[in-house]
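Colleague: One structure follows; several queries about it will come next.
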Amino acid sequence: MQDQFKKHKKAVNIVLWAVGVTALAAAIFFAGFFTYRLTLPGGLQSLLWFKSQIDEKYIEDISDEDFWQAAIDGVEDILDDYSRYYTREDFEAMTEENAGVRADVGLSYFSATNKIVRVAVGSPLFATGAAESGMYLTGVGDGRDSLQNTFDAASLDEALAAYGDGDSVCLRFSTVSASDTEHCTYATVTVGEYMESFVVYAAQGRAYAVLREGEGDAGEWTDIGAYTDLDERFTGSTAYIRIVRFRGDADDDFARAMRQYREDGADTLLLDLRNNGGGDVSIMQNIVAYLLRDAEEDRPVVMTAEYKDGSRQVYRAAGNDHDEYLAGSEVYAVANHNSASASEALLGAMISYGTIGYGDIFLTDTTGMGIASTYGKGIMQVSYYDLLTGDGVTLTTARCNWPNGTCIHGTGIRSQEGTRLSPAQTFADPGDAELDYIIGQIG
């Protein structure tokens, strides 16, 4: 009996010891947790407390994902229009698109509309020659007899979302209105991945772009005259280069265009930046190296960024190649109110170094009132990537100045400064009569 009592007492002591250790561990854990909570900024403490109350007491279930997304959305609301948060999937998609990798029919639209701002060079639709800037995409479906009306951005997004890689889709286009179903043309294309080319060249009755099979492919300088009428517009010694965005391999493609310019013996260059909202500063630095007439340095300053702590960063051109390609040439540029950021920086560097004056710039006038401007975005964004989660953010980090000290943020390049005006009904008209007008002015 005594032995049994000792064994029982020993077992009780072991249990009590285990309970004590567990309690001590729990105390340490909660002490650490509350210490951690107390070290957090007050706002974050409040947010975590708010979440705990919702989890415990709110009548409906709010998932962690929905709660934190709502918190992120709230933070985005206090930032400017150019700063935002990306999920891992969104950041990867953004990175691929910036590289020129797309998987769609090949169309981009003006904000919140079904009006086409551009047909991506190299896309399935581009190869049909069936659509152009300024058209409306008014229907999407399996065939002409089963089209869903796409008169606004919401219905357009919904209709196109039903088609993935390898799917065949019928598209209905109109030059009349966003809701036209009668005066239309049609094209059937297969959705697939492709590389968008961001630079187009035309001169002496030919039009070219670098077409690539996929990311990393050096591409081939290809005659695209079968898909565009630019070759018919530029038949003499005037050459045309359109830069769609400062993305992907635009700098390499621009370099190839400049070699073609020299081979063609052209003496006038028209640089088209209409609806070019900008892109990577590094690509602009490479392109602008060809466009600085009076620059003396091997790598001229093309932009200065000023940060909130007062520090400054100088951005330089990748080289100084103007005289090798453009010596003796006349240079003109055309832009509109959608030309922004890197486009404005490029024009600013060209103005600062005497390549062009304001009188060599054509601005799209859609009002007929003799007043026009570029967008006026003289600030810079940088994207950051979280290695742990894959999330990303793009944040406005600096104000930007031209080499001559000008900052066009909030004003843009304005017709009041002596630019020329080119009349147009909108910022993208089918047939592009605006371009014909400009050719007539510089020809």
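Please treat every number below as a calculation from the coordinates, not as lab data. Just so it is clear, the structure is predicted and the values come from calculations on it, not from any experiment. In this analysis, Cβ positions are derived from the backbone assuming ideal geometry, glycine residues included, and neighbour counts consider all displayed protein chains.
Colleague: Return the tail of the calculated pair distribution for segment 196-442, meaning the percent of Cα-Cα pairs more than 30 Å apart.
Modeller: Summing the P(r) tail past 30 Å for segment 196-442 gives 25 percent.
Colleague: Considering all alpha-carbon pairs of segment 225-286, what whole percent are spaced by more than 15 angstrom?
Modeller: 57 percent
Colleague: Where in segment 186-271 are there trypsin sites (Lys or Arg not before Pro) that are in a DSSP coil and have at most 12 other Cβ atoms within 10 angstrom of their Cβ?
Modeller: Working: sites: R206, R212, R233, R242, R245, R247, R256, R259, R262; in loops: R212, R245, R247.
Listed in order of number, the matching sites amount to none.
Colleague: Whole Å is fine, so just give me how far the alpha carbon centre of segment 402-435 lies from that of segment 280-322.
Modeller: Using only Cα atoms, the two centres lie 22 Å from each other.
Colleague: For the chain, what does -39500 (n - 2.57) per DSSP helix run (n ≥ 4), summed and divided by total residues, give at 222 nm, in deg cm²/dmol to the nearest 500?
Modeller: That comes out to -10000 deg cm²/dmol.
Colleague: Return H322, H183 ranked ascending by Cβ neighbour count within 10 Å, so the fewest neighbours appear first.
Modeller: Neighbour counts put them in this order, fewest first: H183, H322.
Colleague: Under the rule of at least 5 residues apart or a separate chain, name every residue whose amide H is placed under 5 Å from the amide H of G378.
Modeller: Amide H neighbours of G378: H409, G410.
Colleague: Of all alpha-carbon pairs in segment 314-417, indicate the percentage at a distance above 22 angstrom.
Modeller: Of all Cα-Cα distances in segment 314-417, 42 percent exceed 22 Å.
Colleague: Same structure, new question: Report, in whole Å, the centroid distance computed from the Cα atoms of segment 136-183 and segment 246-263.
Modeller: 34 Å
Colleague: Per 0.36 nm of contour for each residue apart, how much would the distance between Y58 and Y82 grow if the chain were fully extended, relative to their Cα-Cα spacing?
Modeller: Between Y58 and Y82, full extension yields 5.2 nm more.
Colleague: Right, another one. Each label point is 7 Å from the Cα along the Cα-to-Cβ direction; what then is the distance between the points at Y186 and M94, in nm?
Modeller: Modelled inter-label distance: 3.9 nm.
Colleague: For the chain, just say rounded, prolate or oblate: build the C-alpha gyration tensor, square-root its eigenvalues into a ≥ b ≥ c, call rounded for a/c under 1.5, and beyond that prolate if a/b exceeds b/c, oblate if not.
Modeller: Prolate.
Colleague: So if R0 is 41 Å, what FRET efficiency would D386 and T235 give, r being the distance between their Cβ atoms, rounded to the nearest 0.05?
Modeller: Numbers: r = 53 Å, r/R0 = 1.28.
Efficiency for this residue pair is about 0.20.
Colleague: If you average 1/r over all unlike Cα pairs in segment 102-194 and invert the result, what Kirkwood radius do you get in angstrom?
Modeller: Across segment 102-194, the inverse of the average 1/r is 12.7 Å.
Colleague: With an 8 Å Cα cut-off and a minimum separation of 6 or more residues, compute the relative contact order for segment 196-442 in percent. Please list the in-between numbers first.
Modeller: Numbers: 557 pairs, mean separation 39.2, N = 247.
The normalised contact order for segment 196-442 reaches 16 percent.
Colleague: Taking R0 as 41 Å, what's the FRET efficiency between M369 and E65 from their Cβ-Cβ distance, rounded to 0.05?
Modeller: That gives a FRET efficiency of 0.25.
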